[in-house]
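Written out below as C-alpha cells is the structure these notes cover.
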Amino acid sequence: MLRIRPDLDPIQETLLLTLRARALDASAPTPILGDTHQSELADRLDYDFAKLELKPSLIYGTALRARKLDDAVRAFTAVHPNAVVLDLGCGLDTRMLRCEPPAEVDWYDIDYPEVIDLRGQLLSQSSHLVGADLTHPGWTRHLPTDRPTMIIAEGLLPFLPGDTFHTMIREVTIHCATGELALNGYTRFAAWAMKYHPSIKALGIRAAQGFDDPHEPETWGARLTLIEEQLLTRAREVALFPQPLRALTQLTARSASLSRQANRILRYGF
Ligand SMILES: C[S@@+](CC[C@H](N)C(=O)[O-])C[C@H]1O[C@@H](n2cnc3c(N)ncnc32)[C@H](O)[C@@H]1O
C-alpha cells in the first residue's frame, strides 16, 4: 500500500495526535470509542507516530470525549433529522461514519485547506468539505442559514489565538439561526499546562487558549446559553479505563474543581 506523507504545520499536525489516540483506543482490549476507521487511516500515513509519545490518559481521554460529542450529535439529529452538522477543525476524524446521521442531514467537515486536501486523498465520504482558516471571516457563506445546526469543536479551542474562537463562534451563530454548540473545554490552567505535555512539546506548540467558567461563552455575544457541563472523570465509561488510569480518574472525580481541569464537555444552545 502506498502511504501518504502528511505535509502539515504544527497546529495542523495536532490532528495526528487525536487520530493516533482514537486508533490506539480501537485496538485496546476494552475500547471506549472503538472506531476502526481511525486505525485504518493512521496505517495509510507515512508518519512517525512514536514521536508523539501518547500516554494512556491522552488515548482514553480523547476516545471518551469523542464518544460524548458523538452522543450530542446523535441526540441533536434524532430530534432534527433535517439538521446541518458542522465539525469545526475536523482533522481526519471519522465522526460522520460513527454517528450515521439521518439521510437528510447535511454534514460539513471544515479545517485548513491543507487538511481538507489530505482528508480528500484519504477518505471518500459524503460530507461537504470546506477548506478555510476559521479565523478569517466569510467561510460561513458555504453554510445553509435556515436549518437547525449542530456545531462541534473538538480539540479546536486551544489553537485559536486571542479571542478568535469567540469571534468565529459568533459568526456561525449569527449565520445559522438556531442550534447547539458542543465542545471539549479547556481551563486556562489546562491550556497553560498543555505546552509541557510531551505530545504537544513534540510538535513544538507553545501557546494555547482556554476559559474557566462554563458560563463565560454566554458573554461572547453569540446568543449562547449553557445547557450542561459534563465532567468526564465522572463518566461511567471510566470503568473501562486500564489501571492505574482508572483509579486515578476515579479519585479525581471526587473533586469538581480538579475534574474541571481534566476533560469536560460543554453544550450550549443558541
Ligand atoms: C487537535 S486537532 C483536532 C482535530 C479533530 N477535531 C480531532 O478530534 O481529531 C485541531 C484541529 O484544528 C484545526 N485548526 C486549528 N486552527 C484552525 C483554523 N484557524 N482554521 C481551521 N482549522 C483549524 C487543525 O488543523 C486541526 O485539524
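The residues of the range 169-191 that are in contact (Cβ under 8 Å) with a residue 40 or more places away in the chain and either in a loop (DSSP other than H, G, I, E, B) or under 20 Å from GLY91 (Cβ atoms) (or both), listed by number, are ILE169, VAL172, CYS176, THR178, LEU181, ALA182, LEU183, ASN184, GLY185, THR187, ALA190.
Looking at this structure, is ARG20 surrounded by fewer than 19 Cβ atoms within 10 Å (Cβ to Cβ) and either hydroxyl-bearing (Ser, Thr, Tyr) or within 16 Å of the ligand (Cβ to nearest atom) (or both)?
Working: surrounded by fewer than 19 Cβ atoms within 10 Å (Cβ to Cβ): no; either hydroxyl-bearing (Ser, Thr, Tyr) or within 16 Å of the ligand (Cβ to nearest atom) (or both): yes.
No, not satisfied.
Of the residues making up the range 40-99, just one is among the aromatic types (Phe, Trp, Tyr) and in a loop (DSSP other than H, G, I, E, B), namely TYR47. Going through (1) touching a residue at least 60 places away in the same chain (Cβ under 8 Å); (2) surrounded by 17 or more Cβ atoms within 10 Å (Cβ to Cβ) one by one, MET194 falls short only on (1). Based on what the data block shows, is ASP117 within 16 Å of the ligand (Cβ to nearest atom), among the acidic types (Asp, Glu), outside any loop (DSSP other than H, G, I, E, B) and touching a residue at least 12 places away in the same chain (Cβ under 8 Å)? Yes, satisfied. Scanning the range 89-112 for residues that are within 9 Å of the ligand (Cβ to nearest atom) and over 14 Å from the mean Cα position of the chain (by Cα) yields one hit, TYR112. Given the condition closer than 17 Å to HIS80 by Cβ, assigned to a strand (DSSP E or B) and open to solvent by less than 40 Å² (accessible area, probe 1.4 Å), answer yes or no: does some residue in the range 101-112 qualify? Among the residues of the range 101-112, at least one is closer than 17 Å to HIS80 by Cβ, assigned to a strand (DSSP E or B) and open to solvent by less than 40 Å² (accessible area, probe 1.4 Å), which makes the answer yes.
Taking the condition open to solvent by less than 40 Å² (accessible area, probe 1.4 Å), within 25 Å of LEU240 (Cβ to Cβ) and touching a helix residue (DSSP H, G or I) at 6+ places or on another chain (Cβ under 7 Å), does ALA83 pass? Against the criterion (open to solvent by less than 40 Å² (accessible area, probe 1.4 Å), within 25 Å of LEU240 (Cβ to Cβ) and touching a helix residue (DSSP H, G or I) at 6+ places or on another chain (Cβ under 7 Å)), ALA83 does not qualify. If you check PRO214 against the conditions, is it assigned to a loop (DSSP other than H, G, I, E, B) and open to solvent by less than 30 Å² (accessible area, probe 1.4 Å)? Spelling it out, PRO214 is indeed assigned to a loop (DSSP other than H, G, I, E, B) and open to solvent by less than 30 Å² (accessible area, probe 1.4 Å).
The values are calculated or read from the model by the stated rules, or taken from the named source; none is laboratory data. A quick note: this is a predicted structure, and the numbers were derived from the prediction, not measured. Note that we place each Cβ from the backbone using ideal geometry, even for glycine, and neighbour counts take in every protein chain shown. Ligands, DNA and RNA are excluded from the accessible area calculation, which covers all protein heavy atoms including side chains. Shrake-Rupley method; radii C 1.70, N 1.55, O 1.52, S 1.80 Å.
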